[in-house]
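Notes follow once the structure below has been shown.
The values are calculated or read from the model by the stated rules, or taken from the named source; none is laboratory data. Just so we're clear, the structure is a prediction, and the values are computed from it rather than from any experiment. With ideal geometry, Cβ positions are generated from the backbone for all residues, glycine too; neighbour counts draw on all protein chains shown.
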Amino acid sequence: MSVSALANSALANSALANSALSNSGLHNIVGCDFGAPPGGTAMVPEHDLTPDDAKRLKFLRILAEQSQLRSRRELEQMCWLIAAERSASATRYGLALFGALAEYARQRLVFHARDSAIASDDEIWLLRTLRAYEDAETPNGRALVSWRVMPEGRRRIRFLVGGLAEALKEDHEICYQADKT
């Protein structure tokens, strides 16, 4: 087989894989991005975060990784279960949130591996959004959501972020348990 035939075969396989990811909606969240940041994306050293935010970020990164292992159908079912029973766990809210973000984010979101020493813009955005909902600053939270989420997904994302913020308030120990992994 010639070099050009091999190259064309590799390009076709890559396009097929990208098409499959695109159809699943999971292309919008990167669980582990080890490359250079995309143009213009700021990186924040993790040591600039408060200890509580660093633990929370690790928990969110674990949820981002876990959400990529679930099918879109599973994540949709989680949303329906949460809507029916508001007392869902932080983990269930988080998994459903990342599934919805994969579908409705305006751009590809970058979430690093759980022990990464830097935080992406998207991770800082999610931390700020959660903090706004925890502190009952709903207008600020709504604005933050509208900057990163397409209009048709905003209501779902706001519901899930609000639920996750409330669940984390009630069970703040879950972030400390994630820190031990």
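Tabulated data
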item: Condition met for Glu65 (at pLDDT 85 or above, within 13 Å of the chain's Cα centre (by Cα), part of a helix (DSSP H, G or I) and buried (at least 19 other Cβ atoms within 10 Å of the Cβ)); result: no
item: Subset of the range 131-174 (residues that are part of a helix (DSSP H, G or I), of a type in the set (A, V, I, L, M) and surrounded by fewer than 20 Cβ atoms within 10 Å (Cβ to Cβ)); result: Ala143, Ile174
item: Test result for Leu109, within 12 Å of the chain's Cα centre (by Cα), within 20 Å of Glu170 (Cα to Cα), at pLDDT 85 or above and buried (at least 18 other Cβ atoms within 10 Å of the Cβ); result: no
item: Number of the condition not met by Asp121 [criteria: (1) of a type in the set (D, E, K, R); (2) out of contact with any strand residue (DSSP E or B) (no Cβ under 6 Å at 6 or more places or on another chain); (3) within 23 Å of Cys79 (Cα to Cα)]; result: (3)
item: Residue in the range 45-60 that is in contact with a Lys or Arg (Cβ under 8 Å, 6 or more places away or on another chain), modelled with pLDDT of 75 or more and among the basic types (Lys, Arg) present; result: yes
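For (1) assigned to a helix (DSSP H, G or I); (2) crowded, with 17+ Cβ neighbours inside 10 Å; (3) in contact (Cβ under 8 Å) with a residue 24 or more places away in the chain; (4) β-branched (Val, Ile, Thr), each residue gets a yes or a no:
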{"position": "Thr91", "(1), (2), (3), (4)": "yes, yes, yes, yes"}
{"position": "Leu95", "(1), (2), (3), (4)": "yes, yes, yes, no"}
{"position": "Phe98", "(1), (2), (3), (4)": "yes, yes, yes, no"}
{"position": "Trp125", "(1), (2), (3), (4)": "yes, no, no, no"}
